[in-house]
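What follows is a single structure, written as structure tokens, with notes after it.
The values are calculated or read from the model by the stated rules, or taken from the named source; none is laboratory data. What you see is a predicted model; the values in this text were computed from it and never measured. Positions of Cβ are generated from backbone atoms using ideal geometry, with glycine treated the same way; all protein chains shown enter the neighbour counts. Heads up: the accessible areas ignore ligands, DNA and RNA and are worked out on the full protein's heavy atoms, side chains in. Shrake-Rupley method; radii C 1.70, N 1.55, O 1.52, S 1.80 Å.
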Amino acid sequence: MVRSLWTGAAGMIGQQANIDTISNNLANVNTHGYKKQRADFEDLIYQTIKTAGTPATEDTVVPVGIQMGHGVKLADTQRVFSQGALQATGVGTDIAIAGEGFFRIQMYDGSQAYTRNGNFKVDSDGRMVTSNGYWLLPDIIMPELFLPETINITKDGRVSVQIPRDGELVEVDVGRIELYRFPNPVGLTAIGENLFKITQASGEAIPGTPGYEGMGSLEHKFLEMSNVAVVQEMVNLIIAQRAYEFNSRTIQTSDSMLGTATTLKR
């Protein structure tokens, strides 16, 4: 009887974690480059009352044992790196990745992070940076007097702009954007601000040229939207809510049965 109380409580805790994960997905439905999470669960340890294969007689064994479960626990929250929809923006510094790969970012402390969000800007020094001022690596630095509306980024990452010279517009190459992929991208750890950092589980970053050797290509003047499917998340939310209610009902039923047991003697 007491076992069922704790089992139901474990189920409610697990479904609360599931709802927390779903709510974070829905909160980031319009976050550029966001990759949804999925809550995975596993059952808890079992109490073995009778072991299968225990001798029943001299010539026979018990074919099926008796095990009582103790509920569920959260195993992991896996990041799903499926492609998000591409949205045309018309902004010269917006870049979307169509396929595999991440942009490399240098943070203020000198450490490096990775992102799928190509919502870049040009700072006062002409360097391409994120919305928070982190540098895009390798450095892409615009020349003086460049015309922002002339920024051109090819599918393989070459960046060029036009500058006025002797009364004419001259095209100048300013660098090349690289992409990076990982042996196990789900092993990356999210740190917020649309950024991920390397862990031992993710493996080291593998650099490459966009459009070659398995890397995705770049789409200029596009942004990758979140890969959260609202309808799917709402269905998952309904399922999680009902599962939470079912587990609470097992606790109520166990409590009712305990109440019945306490009234046997009057």
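Some notes on this structure:
- Residue in the stretch 239-255 that is at pLDDT below 95, β-branched (V, I, T), over 29 Å from T93 (Cα atoms) and open to solvent by 90 Å² or more (accessible area, probe 1.4 Å) present: no
- Residue list for the stretch 216-238, restricted to those being surrounded by 18 or more Cβ atoms within 10 Å (Cβ to Cβ) and over 21 Å from G33 (Cβ atoms): N236
- Scanning the stretch 66-76 for residues that are within 20 Å of the chain's Cα centre (by Cα) and either surrounded by fewer than 13 Cβ atoms within 10 Å (Cβ to Cβ) or at pLDDT 95 or above (or both) yields A75, D76.
- Scanning the stretch 119-138 for residues that are open to solvent by 60 Å² or more (accessible area, probe 1.4 Å) and either closer than 17 Å to G33 by Cα or modelled with pLDDT of 95 or more (or both) gives K121, S131, N132, W135.
- Of all residues making up the stretch 195-208, the number that are open to solvent by 50 Å² or more (accessible area, probe 1.4 Å) and either under 30 Å from T154 (Cβ atoms) or not small (G, A, S) (or both): 6
- Residues located in the stretch 166-206, provided they are closer than 24 Å to S217 by Cβ, within 13 Å of the chain's Cα centre (by Cα) and in a strand (DSSP E or B): L195, F196
- The listed residues are R104, R116, and the only one of them that is among the charged types (D, E, K, R), in contact with a Phe, Trp or Tyr (Cβ under 7 Å, 6 or more places away or on another chain), open to solvent by 40 Å² or more (accessible area, probe 1.4 Å) and touching a residue at least 60 places away in the same chain (Cβ under 8 Å) turns out to be R104.
- Every test in (1) in contact with a helix residue (DSSP H, G or I) (Cβ under 8 Å, 6 or more places away or on another chain); (2) under 19 Å from V228 (Cβ atoms); (3) open to solvent by 30 Å² or more (accessible area, probe 1.4 Å) is passed by N25 save one, and that test is (3).
- Residue pairs meeting the criteria (Cβ under 7 Å; at least 6 apart or on separate chains; first among the aromatic types (F, W, Y), in the stretch 177-202; second part of a loop (DSSP other than H, G, I, E, B)): Y180/G101; Y180/A205; F182/L188; F182/S202; F182/G203; F182/A205; F196/L188
- Residue match in the stretch 218-233 (condition: at positive phi and outside any helix (DSSP H, G or I)): yes
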